[in-house]
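No lab work stands behind these numbers, since they all come straight from the coordinates. Quick caveat: nothing in here was measured; it's all calculated off a predicted structure. In this analysis, Cβ positions are derived from the backbone assuming ideal geometry, glycine residues included, and neighbour counts consider all displayed protein chains.
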Amino acid sequence: MGAIDLNTTALSAGTGARQYVADVLVLGGGPAGTWAAISAAARLGSGGRVLLADKGYCGTSGATAPSGTGVWYVEPTAKARGDAKQSRAALGGHLADEAWMDRVLEQTYANVQQLAEWGYPFPLDDNGEQRRGSLQGPEYMRLMRKRAKEAGVKILDHSPALELLVDHEGRVAGATGLHRQKNEAWVVRAGAVVIATGGCAFLSKALGTNVLTGDGHLMAAEAGAELSGMEFSNAYGLGPAFASVTKSLFYNWATFLYGDGSPIPGAASQRGRGVIARTLLQQPVYAIIDRADAATRRWMRGAQPNFFLPFDRAGIDPFTQKFPVTLRLEGTVRGTGGLRIHDNSCATSVEGLYAAGDAATRELICGGFTGGGSHNAAWAMSSGFWAGAGAGDHAHSLGRSLAQRPLLRAGGAGLQDGGGTAIDPAQTIAAVQREVLPYERNYFRRGEALHESLRALDALWLRLRGAAAAAPEHALRSREAAALIAMSRWMYRSALARTESRGMHKREDFQGQDNAQRHYLLSGGLDQVWVKSAPGPAPLRAPAPPAALDTQGAGA
Amino acid sequence: MIELVSSARCTACNICVHVCPTNVFDAVAGAPPVIARQADCQTCYMCEAYCPEDALFVAPQPDDAVSVAEDKLAASALLGSYRREIGWSAGLPSRAASDHTFHLMALIK
């Protein structure tokens, strides 16, 4: 791979654009991006130039900042680490890779230690010991922004990237984008680029996810990068129907009810979320968190203050009053599909391009299962740390003469003139959502419906490719629309190719797990989407616990 | 979605314009920012967390605009409630130190 999928156009002198030169450019300022930037700066040493461009504001952008997250922080004993690796092996369909789990556990432990040294206020237990298994989003990301700045990283807020730049050998060498609040274009020439733009939740308004539209995946694929695990892209978050807060931990203490107040048999947050989805297809579902005692209720308030905001503001006591719930698509934010990782430095298949966090496939540690917040947070900080170092080393190896190399624009759909009339991004986005949000299409998948959706999505792609380039004020939305279409097509083509149910991928027409399909599904391409299998990982050394029935929702 | 920029409380510091991850506000010279793109609000409450004057209010409904009355919000102590809950109000300790998640995780193991 590495071939460029689109006809590229030369980057002109960049008239009217703000110009930057960096050793490493990090796209995305969530946990993965900030860890990558800090790691790259450390690797490059004094004189290193690291730029971080965030679509929104580094510190509030993405799914972590407005939330809180568990961390896969496990004491370095053989027993604890062995149990941790096995705990979700079956849920993930035995697609997690033990060597990667080992190194993520190791790196996460070190990084969390680092957070403690930086002054993150971890809570103390009754013995006066710090408990480091969870992070409060606002506090964590405010600290990460501060540490990135102290490391010398230059942060560009409200500066979404629109496309990658490549050199004549196909190596990634920068990006272009917009300073949204200044109505100004930017061009960054860089030795290496880290994609840390998060997953894709298809603008569902699940908490903190609306900046996460797959922009980085699109840009990377345009430069020739591969994806993996895109069938594991249909995580749905549980929350009040009247709110954005898809935090599901406390629903372990909930009872789920029909409108008449009678309990719904088999409905649960863990291992019963499918029942909730099926019931929601027919009628409203209610919950009441009636199984938490007084102490547990107090702990809940301290653990996730944001969980209670919607209830307090709607005047509902969730412990004593039933409230309607819904499932919002969290796509690959909690799902595990993303850019394929080729080596321990988190390089993609394209030279000069690295991927980290939710933008990169998390199958390596979760297989086909969400992993809840804890694995996701661990993956973000570990893969970010490695990608930043890898990108720093790559930039260093190129030397600075390459700052002057001629560059090509890799961006296609929405940026290049296809000859037709321009599309309406809002209509296009709504059309994608009609195919990917409904439970009957994406939670419960069927070959026939997947084909039908793909016909609609392929047509949307062709329409966009044949459209005029977006006017500058619509460029960002048009690229988001392009990214959502591309993501949905990789997702459903992969879902069609996996003719079994494994991890979160549920096929109504292939309900069992097929041992012959314990492999990864790679995907890529834009005008022509392709899917192919690659060997799965070696089995875990120790026996795994028994398989569970429903794999949505555990630990989220 | 974001429903209120209180002109009585706002000092036009424009922090919300900078920190909103979905670029919902527009700064206005010498005046409070305006909610320019309400439909882009993802209801993440981050603007409230960063507002030093407790001048903002995000209604929980992410998809529909709702009407709010500032005097009622102030009377029910909902203005600034998120900032107080996470310990970011002036003079409060960070609430991260009282993160009881570990107690809860022990219960569901």
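Considering only A:Ser523, A:Thr361, A:Gln181, and ranking their Cα positions along the charge dipole of chain A that arises from unit charges at the beta-carbon of Lys, Arg, Asp and Glu, the one farthest toward the positive end is A:Gln181.
Label positions at B:Ala36 and A:Leu402, each projected 7 Å from the Cα along the C-beta direction, are separated by 3.8 nm. Other protein chain C-beta atoms within 10 Å of residue C-beta, averaged over B:59-66: 6.
Taking every DSSP beta bridge that has both ends in chain A, the antiparallel portion is near 70%. The Cβ shell under 10 Å around A:Gly29 holds other residues with a net charge of 0, Lys and Arg each +1, Asp and Glu each -1.
One Cα centroid belongs to the range A:329-399, the other to the range A:431-448; the line between them spans 27 Å. Take the alpha-carbon centre of the range A:245-306, take the same for the range B:18-82, and report the distance between them in whole Å. The two parts, judged by their Cα centres, are 28 Å apart.
Packing order of peptides B:49-55, B:20-26, A:48-54, A:393-399, highest average first: A:48-54, B:20-26, B:49-55, A:393-399 (average count of other Cβ atoms within 10 Å over each peptide's residues).
Take the Cα of A:Glu75, step 7 Å toward its Cβ, do the same at B:Glu53, and the gap between the two points is 5.1 nm. Along the charge dipole of the range B:2-108, which of B:His103, B:Leu78, B:Tyr45 sits closest to the positive end, that is, farthest toward it, with unit charges on the beta carbon of Lys, Arg, Asp and Glu (+1, +1, -1, -1)? The one lying farthest along the dipole's positive direction is B:His103. For the pair A:Asp417 and B:Ile108, what calculated FRET efficiency results from E = 1/(1 + (r/R0)^6), where r is the Cβ-Cβ distance and R0 = 45 Å, to the nearest 0.05? Calculated transfer efficiency: 0.25. Shielding of peptide A:304-317 by partners, expressed as the average count of other chain Cβ atoms within 10 Å per residue Cβ, is 5. Charge dipole (Cα centre; +1 on Lys/Arg Cβ, -1 on Asp/Glu Cβ; no other charges) of the range A:425-511 amounts to roughly 180 debye.
Remark: mean inter-chain Cβ contacts per residue of A:133-146 equal 4, using a 10 Å Cβ-Cβ cutoff to other protein chain atoms.
Using R0 = 41 Å, the C-beta based FRET efficiency linking B:Ala90 and A:Glu129 works out to 0.85. Tally Lys/Arg at +1 and Asp/Glu at -1 over every other residue whose Cβ is under 13 Å from the Cβ of A:Pro240; what's the total? Around A:Pro240, the charge tally is +2.
I want the local charge near A:Arg340. Using Cβ-Cβ distances under 10 Å, sum +1 for each Lys or Arg and -1 for each Asp or Glu among the other residues. Local net charge: -2.
Between the beta carbons of A:Ala116 and A:Lys154, assuming R0 = 30 Å, the FRET efficiency works out to 0.65 to the nearest 0.05. Straight-line reach from A:Lys55: which lysines have Cα under 19 Å away, leaving out those fewer than 8 places along the same chain? By straight Cα distance, A:Lys55 reaches A:Lys146, A:Lys149, A:Lys154, A:Lys182, A:Lys205. Each of A:Ile316, A:Pro123, A:Asn252 was placed along the dipole of chain A (beta-carbon charges, centred on the mean Cα), and the one lying farthest toward the positive end is A:Ile316. Based on Cα contacts under 8 Å between residues 6+ apart, chain B shows a relative contact order of 27 percent. For the pair A:Ser262 and A:Ala426 in one chain, pulling the backbone fully straight at 0.36 nm per residue adds 55.0 nm over the alpha carbon distance.
Roughly how big is the protein assembly as shown's charge dipole about its Cα centre, with Cβ charges of +1 (Lys, Arg) and -1 (Asp, Glu), in debye to the nearest 20? Using only the charged Cβ atoms, the result is roughly 480 debye.
The value of relative contact order for chain A, using C-alpha pairs under 8 Å at least six residues apart, is 24 percent.
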